[in-house]
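*Asks:* Before anything else, here's the structure in question.
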Amino acid sequence: MSSDGRRRVRGPYILIHELSNLEDWITGFEILQHHVAQAAFHDSLERSDPPRCHPLTRRAILEKIMNWIWDPDNVKVFIWIYGPAGGGKTALAQSIAEMCAAASSLGASFFFSRTVAGKKDFDRLVSTLAYQLALHIPEIREGIGLAIERDPTVFSRSLAKQMQVLIFQPLSAAAEDPSKKETMIKRKNVVVLDDFDECGDSSSQRDVLNVLSAQVKLLELPVFFLITSRPEQQIRVAFSKPELDSQTLAVALDEDLNPDDDIRLFLEQKFRELKVNHPSGSQLLDQWPSEDDIRHIVRQSSGQFIYAATVMKF
């Protein structure tokens with residue numbers, strides 16, 4: 001067998017040496033892996049038991065989001081879900097990411113957190129998204145790898161430059177190939193950015209949103225961004241600008257989405273589980289907790305799931 005047809009194992013990949021630039025692409029892709037914040041993935045081992053929506057809760061907003069994703073006539077490429085800390089944003093983002101992954105429509109995800117090493121490093125945002133998109137959209141893998149081969153220092157450039165080189169240019173280039181575009185337009189690509197206000201400074205957050213709003217509208221591909229955050233001023237200002245506002249469906253986690261009803265369902269389910277699983281569960285009275293007890297916890301929660309979840313841990 002000639003060297004061009006010889007199979008060769010390199011790391012976790014098998015290379016078929018038919019084109020010289022194929023090895024270059026693999027090398028570029030391997031470089032990319034060293035700049036990925038794996039802990040930020042929705043299914044990361046470090047997030048082995050992440051918060052997610054109870055099956056009976058958040059139905060209204062989950063339906064709203066999934067309708068936004070699957071609407072063939074959707075012209076809004078961003079959905080911004082905002083609310084106070086403890087309002088259940090991460091649980092929503094996790095549930096949506098899992099639902100999209102199950103439907104093969106999750107392009108990438110990044111769950112920000114200041115408490116997990118590596119995830120607070122804003123510099124890894126773009127490379128982490130590019131890596132996942134390359135896995136989800138095979139048509140852009142080679143373009144991303146070659147871009148890194150041409151400039152291995154791209155990871156030290158501005159976030160705007162990284163987005164252009166590692167995400168938008170490969171997407172645009174692949175879409176120029178009719179055969180690739182035909183496949184790509186049939187594939188939903190949802191990018192989930194959770195707790196966006198938890199990473200980077202105000203300036204970096206504005207830069208990312210500005211670049212996304214300017215670049216994504218140039219694509220003729222079904223790429224959508226779900227972003228959750230607290231309603232911080234710099235983020236509210238960015239989403240209020242006409243260019244981004246016209247492309248965004250904004251959803252507030254407020255009373256219109258019946259959080260009290262959802263919290264009640266959550267509590268009732270958790271108390272039932274407690275009676276079954278706790279060693280002393282059989283000794284608990286059937287009428288425990290009382291309706292007044294549950295009503296009190298719901299009222300004290302003030303629409304925030306984190307309060308109810310904390311109560312149930314104790």
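Laboratory data are not the source of any read-out in this text; all were calculated from the coordinates shown. Note that this is a predicted model, so its numbers are computed, not measured. So basically every Cβ, Gly included, is an ideal-geometry build from the backbone, and we count neighbours across all protein chains shown.
*Asks:* For a quick check: with amide H placed at 1.01 Å from N, whose amide H comes under 5 Å from residue 189's, ignoring anything fewer than 5 positions away on the same chain?
*Replies:* 224
*Asks:* Further, regarding this structure: Per residue of region 32-38, in order, report the coupling 6.51 cos²θ - 1.76 cosθ + 1.60 (Karplus, θ = phi - 60°) as ³J(HN,Hα) in whole Hz, putting x for Gly and Pro.
*Replies:* 4, 4, 7, 10, 9, 8, 5
*Asks:* Let me ask something additional. Only counting other Cβ atoms within 10 Å, I'd like 99, 184, 66 sorted with the fewest neighbours first.
*Replies:* Ascending number of Cβ neighbours within 10 Å: 66, 99, 184.
*Asks:* Near the amide H of residue 250, under 5 Å away, which other amide H atoms are found, from residues 5 or more places off or on another chain, if H is placed in the peptide plane?
*Replies:* Result for residue 250 returns 80.
*Asks:* Next question. Using each residue's phi in region 84-92, evaluate 6.51 cos²θ - 1.76 cosθ + 1.60 at θ = phi - 60° and report the 3J(HN,Hα) Karplus result to the nearest Hz, with x for Gly and Pro.
*Replies:* With the stated coefficients, region 84-92 comes to x, 4, x, x, x, 5, 5, 4, 5 Hz.
*Asks:* Kindly write out, for region 145-159 in residue order, the coupling ³J(HN,Hα) from the Karplus curve 6.51 cos²θ - 1.76 cosθ + 1.60 (θ = phi - 60°), rounded to whole Hz, with x marking Gly and Pro.
*Replies:* Those phi angles translate into x, 5, 4, 6, 4, 5, 8, x, 8, 4, 5, 9, 7, 4, 4 Hz.
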